[in-house]
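Reviewing the structure listed below.
The values are calculated or read from the model by the stated rules, or taken from the named source; none is laboratory data. Computed from a prediction, not measured in an experiment: that's the story for all the values here. No Cβ is skipped: glycine too gets one built from the backbone with ideal geometry, and neighbour counts run over all protein chains shown.
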Amino acid sequence: MERQGSGIKKIIENYEVEVNYREDLKPEFFSDSSQFSVILKNLNYGKTIENLVFISKNQTIKAENPAIESKNQAIETAFNKMNASKNTRSKVMALFKTYGNEGILGRSDIATVTAASYSSAGELIVKLKDSGLIVEVKGHGKGKYRFSENKL
């Protein structure tokens, strides 16, 4: 059990580091004798899906030339077309930044890079395979994949 009230600070801190955060979108907290309420405003309200940035807070894209920037945009577009949450897309971006088109990855690699459990890594593999973003690699053992160049 956490210390009473410690979650409020965590909520505010996590909201403030988001890309689309503005001071007027700060979470609001209310309480009375019988209930506690939190209003979390949608940081993406009024934005189109193509204009949203799905990059984890610890990673940035720095394009060194226009060719790299256009490839990064193509990658983001392909990832954003996945029917997945923002968190899942940020994990996929982290995997791509680590392995690129040529790197070979498996369940344990995905679990390590995304800090997820093996079962969550397996679920992510299924989503990536279903969306065509990864393909199975032969000759490197069972359950090894790489990002598909056809989709990117």
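In contact with an Asp or Glu (Cβ under 8 Å, 6 or more places away or on another chain) and either surrounded by 10 or more Cβ atoms within 10 Å (Cβ to Cβ) or modelled with pLDDT under 80 (or both), is that true of Ala63? Walk me through it before giving the result.
On the way: in contact with an Asp or Glu (Cβ under 8 Å, 6 or more places away or on another chain): yes; either surrounded by 10 or more Cβ atoms within 10 Å (Cβ to Cβ) or modelled with pLDDT under 80 (or both): yes.
Against the criterion (in contact with an Asp or Glu (Cβ under 8 Å, 6 or more places away or on another chain) and either surrounded by 10 or more Cβ atoms within 10 Å (Cβ to Cβ) or modelled with pLDDT under 80 (or both)), Ala63 qualifies.
Looking at Gly100, Gly141, which is the one that is of a type in the set (Gly, Ala, Ser) and either in contact with a Cys (Cβ under 6 Å, 6 or more places away or on another chain) or under 18 Å from Ala78 (Cα atoms) (or both)?
Gly100
Identify the residue in region 96-115 that is among the aliphatic types (A, V, I, L, M) and free of Cβ contacts under 8 Å to residues at least 24 places away in the same chain and, among all such residues, is surrounded by the most Cβ atoms within 10 Å (Cβ to Cβ). So that I can check it myself, show each step before the final result.
Kept after step one, since they are among the aliphatic types (A, V, I, L, M), are these residues of region 96-115: 104-105, 110-111, 113, 115.
Filter again for free of Cβ contacts under 8 Å to residues at least 24 places away in the same chain, leaving 110-111, 113, 115.
Values: Ile110: 26, Ala111: 17, Val113: 17, Ala115: 9.
Only one residue tops the list, namely Ile110.
Considering region 1-60 alone, what residues qualify as being among the β-branched types (Val, Ile, Thr) and modelled with pLDDT under 75?
Thr48, Ile49, Val53, Ile55, Thr60
What's the total number of residues in region 104-138 that are farther than 15 Å from Ala78 by Cα and assigned to a loop (DSSP other than H, G, I, E, B)?
7
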